Amino acid sequence: MDKVKVDGALVELDGDEMAHTMWTMVKEKLILPHVDAPILRFDLSLPNRERTGDAVTREAAAAVAEHRVGAKCSTITPDAGRVAEYGLSRRWPSPNGTVRGVLNGVIFREPVIIDSVPRLVPGWRKPIVVARHAHADQYSAVNFAVSGPGRLTLTYTPDDGSPAVSREVTSFPAGGGVAMGMYNYSDSIRDFARACFSYGIKRGYPVYLSTKNTVLKAYDGQFKDIFDEVYAAEFRPRFEAAGLGYEHRLIDDMVASALKWEGGYVWACKNYDGDVQSDIVAQGFGSPGLMTSVLATPDGRIQLTEAAHGTVRRHHERRLAGETTSTNPIATVFAWTRALAFRAGIDGNQALAQFAASVEDAVAGTVRRGIMTDDLAALSGPGVRGVSTEAFLDSVAAECAALPAPAAS
């Protein structure tokens, strides 16, 4: 197959450990042999973030903002153990958090559905797209341990000089305890709502927001009220014309409903909720290796795709010891193909769009032929054996090599 010519740039954010190994395999076996594109590579491995004082992460985020399309490999967010392991000068922040902050992005996680892969939730027949408001809440909270008795208060001091507002949270007993204060911004919630409704229109899916506003009447109530306002003012006519809807549900009711429904909707979640529910959805559809992740700006003009799983440290260590591993690379493949498809949409490049779709079809076809990694083989019943990561990708590559040349744009 002749190479597909691409004019617009693709920003590549490389990463760590086994995720990096799979990333490189996918790029070399499936992408570079068939696509002639300007790829701007940024090395976001932990050693390079240390060498550059994390400047490489900020540079990569700026490049994605400029060129509008990026594909990201999973990266390490160091804890104390990783600081010691890598000899870091400090605990560098999450690259995902840095990029999200620069782009003001919302995360949309969606499973890759392959009909031959059994699901832990058999009734899930259509994708469940988990939209995570990846801003503030618990992830930016101030939290600390309290050693003994005392009063905990929360104070807001307006910049305009008006009187401060102070609320007593609790009085700790002699045994002390723990405390936390968290926040979010109305403008960020509003952008989250716009991103979710825009994505719902794009996919042709209804949107559900889940909160616990019956308990957190002001905090979660603000999420509900802003979503209601944005929907009514900006999106209701388009949703109704498309036969779609929007609804707020309590999160416990939404979780129960999700287990009964067949899928086919966008589930808008607060930060922590989205983190948890996206992992549940990934496993329910078969494997975290089948979960894609898209970071999109509220206006939908910029997109960064990645695999939703981590760096797969255990498999990385086994490979360093000389073992062959069977790590599922499907989400990594889709990180590349979804980025190429978005680039194709921007450029009007039909050949590139066709190629990206063909690679995804080749992945599904390979699994249907019984060639799959250990995680999927374990779902498929006794006697089904998985193949190595390399063998799986070689099978996909063979299918791609046999593809007819995409039609010219």
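Loop-only check: which trypsin sites (Lys or Arg not before Pro) in the range 30-97 are DSSP coil with at most 10 other Cβ within 10 angstrom?
Qualifying residues, ordered by number: ARG90.
Quick test of the membrane-span-like rule: which DSSP H helices of the chain reach at least 15 Å along their long axis (C-alpha atoms) with mean Kyte hydropathy at least 0.0?
Details: long enough: 55-67 (18 Å, 0.29); 186-203 (26 Å, -0.43); 219-230 (17 Å, -0.73); 271-284 (20 Å, -0.66); 330-347 (25 Å, 0.91); 350-368 (27 Å, 0.51); 389-401 (18 Å, 0.65).
For the chain, where a helix must reach 15 Å along its axis and average at least 0.0, the hits are 55-67, 330-347, 350-368, 389-401.
Over the chain, calculate the relative contact order: mean separation of alpha carbon pairs under 8 Å at least 6 apart, over the residue count, as a percent.
22
Using the basic label-point model (7 angstrom from Cα toward the beta carbon), what is the LEU379 to GLU66 distance in nanometres?
4.0
Which distance in Å, rounded to a whole number, links the C-alpha centroids of the range 337-409 and the range 276-313?
If we compute the Cα centre of each part, the gap is 18 Å.
Give me the dipole magnitude in Debye, nearest 20, for the range 252-368 about the Cα centre, with unit charges on the beta carbon: positive for Lys and Arg, negative for Asp and Glu.
Magnitude of the dipole: close to 360 debye.
Go ahead and estimate [θ] at 222 nm for the chain from helices alone: -39,500 (n - 2.57) per DSSP H run with n ≥ 4, summed, over the residue count, rounded to 500.
Result for the chain, helices only: -12500 deg cm²/dmol.
Got a sec? Which residues in the range 245-262 would a label at MET182 touch, if it sits 7 Å along Cα→Cβ and we count backbone N under 19 Å?
249-255
Where Lys and Arg each count +1 and Asp and Glu each count -1, what net charge lies around ALA232 among other residues with Cβ under 15 Å from its Cβ?
Details: positive: ARG190, ARG194, LYS224, ARG236, ARG238; negative: ASP225, ASP228, GLU229, GLU234, GLU240, GLU247.
Neighbourhood net charge equals -1.
Work out how much length LEU259 to ALA218 would gain on full extension: take 0.36 nm times their residue separation and subtract the Cα-Cα distance, in nm to one decimal. Intermediate values should be presented prior to the final figure.
Values: separation 41, 0.36 × 41 = 14.76 nm, distance 2.84 nm.
Extra length available between LEU259 and ALA218 comes to 11.9 nm.
First select every other residue whose beta carbon is under 14 angstrom from the beta carbon of TYR156; then total the charges, Lys and Arg +1, Asp and Glu -1.
Net charge around TYR156: -2.
What is the magnitude of the charge dipole of the chain about its Cα centre, with +1 placed on the Cβ of each Lys and Arg, -1 on the Cβ of each Asp and Glu, and no other charges, expressed in debye to the nearest 20?
In total the dipole reaches around 340 debye.
Tell me the per residue accessible area of the chain using a 1.4 Å probe; a whole number in Å² is fine.
Values: 18060 Å² over 409 residues.
Result: 44 Å² per residue.
I need the calculated FRET efficiency for the pair THR155 and LYS202, taking r as the beta carbon distance and R₀ as 51 Å, to the nearest 0.05.
0.75
With just the Cα atoms defining each centre, how far is the range 1-66 from the range 237-255? Give it in Å.
37
Just to be sure I understand, if you calculate volume of the Cα convex hull per residue in Å³ for this structure, which of (i) 184; (ii) 142; (iii) 152 do you get?
(i)
For the residue pair SER166 and ALA402, what label-to-label distance in nm results when each label sits 7 Å from Cα along the Cα-to-beta-carbon direction?
A separation of 7.6 nm, rounded to one decimal place.
With the cut-off at 31 Å, tell me which of the pairs LYS217/LYS260; LYS3/LYS270; LYS72/LYS217; LYS3/LYS202; LYS3/LYS126 have Cα atoms farther apart than that. Before the final figure, lay out the partial values.
Numbers: LYS217/LYS260 27 Å; LYS3/LYS270 42 Å; LYS72/LYS217 37 Å; LYS3/LYS202 29 Å; LYS3/LYS126 33 Å.
Pairs exceeding 31 Å: LYS3/LYS270; LYS72/LYS217; LYS3/LYS126.
The values are calculated or read from the model by the stated rules, or taken from the named source; none is laboratory data. Quick caveat: nothing in here was measured; it's all calculated off a predicted structure. In this analysis, Cβ positions are derived from the backbone assuming ideal geometry, glycine residues included, and neighbour counts consider all displayed protein chains. Keep in mind that these areas ignore ligands, DNA and RNA; they rest on the heavy atoms of the full protein, side chains included. Shrake-Rupley method; radii C 1.70, N 1.55, O 1.52, S 1.80 Å.
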